[in-house]
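To keep things clear, I will list the structure first and then write my remarks on it.
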Amino acid sequence: MQLRTKVIFGNFIEELKKLNLEGRGLLCCRRGFKNGLEWLDLKTIRISPEPTLEDAERYWSNIEGESFDYVLAIGGGSVLDMAKVLAARMTNRGPIESFIGIERIHNPPKPLIEVPTTHGTGSEVTKYAVLRLTARGVKKSMVSEKICPKVAIVDPRLALGLPKELTIYTSIDAFCHNVEAYLTPLADPLVDLVCESGLRFFFDGIEEAIENKLEGREKLMLCSLLGGIAITNVQTTLIHALSHVLGGRYEIPHGMANSLFLRGFLEFYRGDEKFERLQRELGMNVMEELDAFYERHSLKRLSDFISEREAIEVAEKAFENRRLMEGGRRRPSEEDLKKIALTSF
């Protein structure tokens, strides 16, 4: 297992000061974080939720020609991913679309320091950056070891006040990372341990996080971080293949899109030896626990957004993603994928 990112837990302002950052930095954020950062020379760029390829090119055109020594990202997954894209573009020529795919970043990006404010993507430690391609109605990923952040600062206090819906759906995103990684043939005993721990943190902390208790936020931050470590060493699979199409076509936020397919995915793995082992390790029936959680908090279903015909079309398009289709312990047929989508309906 590799972890290319130095992970620091603590007050993000105090820990930033210890890094002794020099020169000029680009700050990527969603909302203002100037207070407390006055000692840094920063240019700020505000990142929109679920950014598109066109957004990325627009952000780049706003800073092209300027010089930066590092990139600081403070925010949710969209902010952290866009910071990776811009840091890579600072040291690599060509349109940003040419970076999409596996290991298409030739030169190391500018140093990245990432500070998550949600507990979902684990992007602060991953080799992935996701962009929505509007014209194609799908999301695609930059995948490169080079875009792993140099430093991640995890401060659970930054997630305090996160609204209930965002708390739930970002946390389910982290859940998906852990369970998808666990159910890949590449998962070794160390990855298994990481994923099992991440899933325990989810079940132990989700209700406390919804109640906005710091203890719950800490547990879900760990769930997210561990999920990020897991997927950057193995990968995601079917849930993300489906959610990338659904989110790209219908502009449904990533965590919510994942949540819609999670139960169908687990149904697909019912009876799988390793999934059964996971349930024994966790000491619970995962499906029953999730069903109760979904019911308790009235989570949305796929039918709240699209028709059955559209669900089948999403599955057909997702099936074209061979990397994610072939990444799990079970390789689905196209009919299997349609069944997962309709089970989620």
Next on the checklist: Among the residues in segment 259-270, are any touching a strand residue (DSSP E or B) at 6+ places or on another chain (Cβ under 9 Å) and outside the structural domain of PRO51 (by TED's automatic domain parsing)?
Outcome noted: no
Checklist outcome for this item: Within segment 280-313, the residues that are under 24 Å from the mean Cα position of the chain (by Cα) and over 27 Å from HIS244 (Cα atoms) are LEU282
Checklist entry - Looking at (1) touching a residue at least 12 places away in the same chain (Cβ under 8 Å); (2) under 26 Å from GLU211 (Cα atoms), can you tell me which one ARG330 breaks? => result (2)
Checklist outcome for this item: The lone condition GLU320 fails out of (1) in a loop (DSSP other than H, G, I, E, B); (2) within 25 Å of ALA174 (Cβ to Cβ) is (2)
Checklist outcome for this item: Restricted to segment 120-146 and to residues being more than 21 Å from ASN92 (Cα to Cα) and modelled with pLDDT under 95, the residue surrounded by the most Cβ atoms within 10 Å (Cβ to Cβ) is GLY120
Checklist entry - How many residues does segment 103-131 contain that are farther than 18 Å from HIS177 by Cβ and either assigned by TED's automatic domain parsing to the domain that holds HIS254 or not polar (S, T, N, Q) (or both)? => result 12
Item to check | Index of the failed condition, LYS84 passing every other in (1) closer than 20 Å to GLY255 by Cβ; (2) without any contact (Cβ under 8 Å) to a residue 60 or more places away in the chain | outcome: (2)
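With part of a helix (DSSP H, G or I) and more than 28 Å from SER298 (Cβ to Cβ) as the only criterion, which of GLU165, GLU124 stands out?
Criteria check complete, one pass: GLU124.
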Next on the checklist: Here's a check for you: in segment 59-83, which residue that is crowded, with 23+ Cβ neighbours inside 10 Å, not hydroxyl-bearing (Ser, Thr, Tyr) and not in a strand (DSSP E or B) is farthest from the chain's Cα centre (by Cα)?
Outcome noted: ALA83
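The values are calculated or read from the model by the stated rules, or taken from the named source; none is laboratory data. In this text, all values refer to a predicted model and were calculated from it rather than measured experimentally. All Cβ positions, even for glycine, are placed from backbone atoms using ideal geometry, and neighbour counts span all protein chains on display.
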